[in-house]
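Here is the structure we will look at, set down as structure tokens.
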Amino acid sequence: MTKADLIIKGNAVFTGLQDQPEALAIAIKDNKIIHVANEAEIQDYISPETEVISAGDRLVMPGFHDAHLHIMLGSLFSHYCVSLVDVKSSQEAVQRVSEYAEAHQDAEWIIGTGWDHTAWGEKNFPTRYLLDEVLENRPVILLHAEGHYGWVNSKALEVSGITRDTENPDYGIIYKDNEGEPSGILIETAISLVTDYAYDFSKEQLSEMVSQFLDHAAALGVTSVNDLYASRAHEKLEAYSVYKEFDEMNKLTTRFHLYPPLNGDIEKAKEQRALYNSGKLQLAGLKQFIDGVVTGYTAYMLDPYVDQPETKGELAYTVEKLEKWVLEADQEGFQIRFHTIGDGAVRLGLDLYEKAQKENGVRDSRHALEHIEVIAPEDIPRFEELGVMPSIQPFHMALMPRESHTTRVSQEKYAYIYPNATLLRSGAKVSYSSDYPIVPLEPMLELYHAVTRKDITLEDTWNEQEKVTLAEALRAYTVGSAYSVFRENELGTIETGKLADIIILDRNLFTVPAEEILQTKVAVTVMDGQKVYEQDKVVSI
């Protein structure tokens, strides 16, 4: 009989096949699970060289698969930026930037992220002049919490060549004051006018960012990710060639599934699909934006915004262009993922996918819609009917005050803001993710808000009918995400024959109060049969 390299045994193994964990043992040889059974039956797989990990009452489960994030942007924001997530005012943000700049004298650009003027109780955007007071001669760019607009100082405008005469780019706005001068706020694609200069990183720096991400993911039990195109504002951070080098040197400790932009360049996409095609690095599909965000009035709605009735939001591209791109990519067998936040964008996304089925024929495409913060109830059953996947980030509902949405849509839509259980139980296949770095990579945050529906206060629930069970949430974050990249036969559950991507948590989530989810840590991460993270040695025997 084949002997195992590694045995993991425990009293609480969540395989993903049942709603509750079971007492089981898992035998691993090379990078595969070779047997799952009770502890007595697994004894024959043990040799003197076999390492045995006894998890006791800790939860053993498949590794988390984050179905929507941005690797390079996340590493940039985590390690090379000033965080403004917890500041309470524009003045506090400016002070934080000043302190960061003082401590990082060698940084040519000061990059920051996480500010949100609505959380400060300020209706108007901050201006460049506030930043000029503390940093006059070094360029600054601060990305908003949602990543769809930026706040810059005068030096950044100067370096980037933005003046009162600079025209708005497609699907972008350079905010200007009453005198016609740039105010320091850049919306959507206008951000790229500055980031094209700010993101001037060497290959060594890009490699360091990848390494930092891999270490971070392993410590959080994230063994697979979908790395989605982050927008025209961040194209210069693309580092696929670095990923390829890591893969060839066997340094990837997380599986990368790539989604470059859907932009009409189908030949380049086909070349990338052939180039990135290994077990740890593969092109999984293409991604693009249909709309923006509710807070910036760029999310595309079916009805006018309540507090700005002159607009329904904006489309990132014309319907004609989006349709052309979708039909072409679908014909070539690509999976497509669309950023769709407003109910108008969700409907358009579904319409585009339906059009592709009528033109190209029905296939197992697994096209997806990302975010879905507002949805019309009549569009909910269309996901199952069309085989479209809802891609949900459960923590997003607690990212900002409710008023960021409830003041902008009619009361009739309140029950359909940040849907979760409704989509998950509609018959559609759902995947979970973080959208890192818009929120932390930490899966426990997503699980907590999925099962509790706690809003930003962490006290009140929002649309309580959208709560899901812990088992439902775990499946969406594992096998649901594996399904999103056509790998449910390799990943996402603990079964014989599957790849050995398994984690051990420091407690059993099924037996602790929901509040303890936020305190839960990963004890061991196994990816491709190898231990890539170990919190301590107490579980090894």
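The values are calculated or read from the model by the stated rules, or taken from the named source; none is laboratory data. On a predicted model such as this, the values are computed, not experimentally measured, just so you know. Cβ atoms come from the backbone with ideal geometry, glycine included; neighbour counts cover every protein chain shown. Protein only, heavy atoms only, side chains kept; ligands, DNA and RNA dropped before computing areas. Shrake-Rupley method; radii C 1.70, N 1.55, O 1.52, S 1.80 Å.
Table for the structure above
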| item | result |
| --- | --- |
| Single residue of segment 414-436 satisfying the filter (open to solvent by less than 10 Å² (accessible area, probe 1.4 Å) and part of a helix (DSSP H, G or I)) that is nearest to Val374 (Cα to Cα) | Leu423 |
| Among the residues listed as Gly480, Gly492, the single one being in contact with a Gly (Cβ under 8 Å, 6 or more places away or on another chain), surrounded by 22 or more Cβ atoms within 10 Å (Cβ to Cβ) and over 18 Å from Ala218 (Cα atoms) | Gly480 |
| Segment 93-138 - residue that is charged (D, E, K, R) and in a loop (DSSP other than H, G, I, E, B) and, of those, farthest from Trp151 (Cα to Cα) | Asp106 |
| Members of segment 397-413 that are of a type outside the set (D, E, K, R), surrounded by fewer than 20 Cβ atoms within 10 Å (Cβ to Cβ) and modelled with pLDDT of 95 or more | Thr406, Thr407, Ser410, Gln411 |
| Any hit, segment 298-316, residues being part of a strand (DSSP E or B) and open to solvent by 30 Å² or more (accessible area, probe 1.4 Å) | no |
| Top-ranked residue in segment 151-180 [being assigned to a strand (DSSP E or B) and of a type in the set (Phe, Trp, Tyr); ranked as farthest from Tyr129 (Cα to Cα)] | Tyr175 |
| Subset of segment 443-486 [of a type in the set (D, E, K, R) and within 16 Å of the chain's Cα centre (by Cα)] | Glu446 |
| Considering residues of segment 89-106 that are farther than 25 Å from Ala398 by Cα and free of Cβ contacts under 8 Å to residues at least 24 places away in the same chain only, the residue surrounded by the most Cβ atoms within 10 Å (Cβ to Cβ) | Tyr100 |
| Any hit, segment 518-526, residues being over 22 Å from Ser434 (Cα atoms) and over 21 Å from the mean Cα position of the chain (by Cα) | no |
| Residue count, segment 160-176 (criterion: within 25 Å of Ala299 (Cβ to Cβ) and either at pLDDT below 95 or among the charged types (D, E, K, R) (or both)) | 7 |
| Of residues in segment 334-361 being in contact (Cβ under 8 Å) with a residue 12 or more places away in the chain and assigned to a loop (DSSP other than H, G, I, E, B), the one farthest from Val293 (Cα to Cα) | Phe334 |
| Any hit, segment 126-135, residues being without any contact (Cβ under 8 Å) to a residue 24 or more places away in the chain and open to solvent by 50 Å² or more (accessible area, probe 1.4 Å) | no |
| Flag if Glu359 is open to solvent by 20 Å² or more (accessible area, probe 1.4 Å) and within 30 Å of Asn124 (Cα to Cα) | no |
| Positions within segment 132-149 being under 20 Å from Asp196 (Cα atoms), of a type in the set (A, V, I, L, M) and out of contact with any Gly (no Cβ under 6 Å at 6 or more places or on another chain), in sequence order | Val140 |
| Among (1) under 21 Å from Val60 (Cα atoms); (2) open to solvent by less than 10 Å² (accessible area, probe 1.4 Å); (3) out of contact with any Ser or Thr (no Cβ under 8 Å at 6 or more places or on another chain); (4) hydrophobic (A, V, I, L, M, F, W, C), the one test that Leu441 misses | (3) |
| Meets criteria (closer than 15 Å to Met72 by Cα, of a type in the set (Lys, Arg), open to solvent by 30 Å² or more (accessible area, probe 1.4 Å) and in contact with a Phe, Trp or Tyr (Cβ under 6 Å, 6 or more places away or on another chain)) for Lys236 | yes |
| Some residue of segment 448-461 being at pLDDT 95 or above, open to solvent by 50 Å² or more (accessible area, probe 1.4 Å) and more than 26 Å from Val85 (Cα to Cα) | no |
| Filter pass, Ser211 being within 24 Å of Gly112 (Cα to Cα), buried (at least 18 other Cβ atoms within 10 Å of the Cβ) and not aromatic (Phe, Trp, Tyr) | no |
| Residues located in segment 388-417, provided they are free of Cβ contacts under 8 Å to residues at least 24 places away in the same chain and more than 14 Å from Gly342 (Cα to Cα) | Gln411, Glu412 |
| Boolean, Gly150 is over 30 Å from Asp528 (Cα atoms), buried (at least 23 other Cβ atoms within 10 Å of the Cβ) and in contact with a strand residue (DSSP E or B) (Cβ under 8 Å, 6 or more places away or on another chain) | yes |
| Segment 60-88 residues that are of a type in the set (Phe, Trp, Tyr), paired with ones that are at pLDDT 95 or above (beta carbon under 6 Å, 6 or more apart) | Phe64/Gly221; Phe64/Val222; Phe64/Pro443; Phe64/Tyr477 |
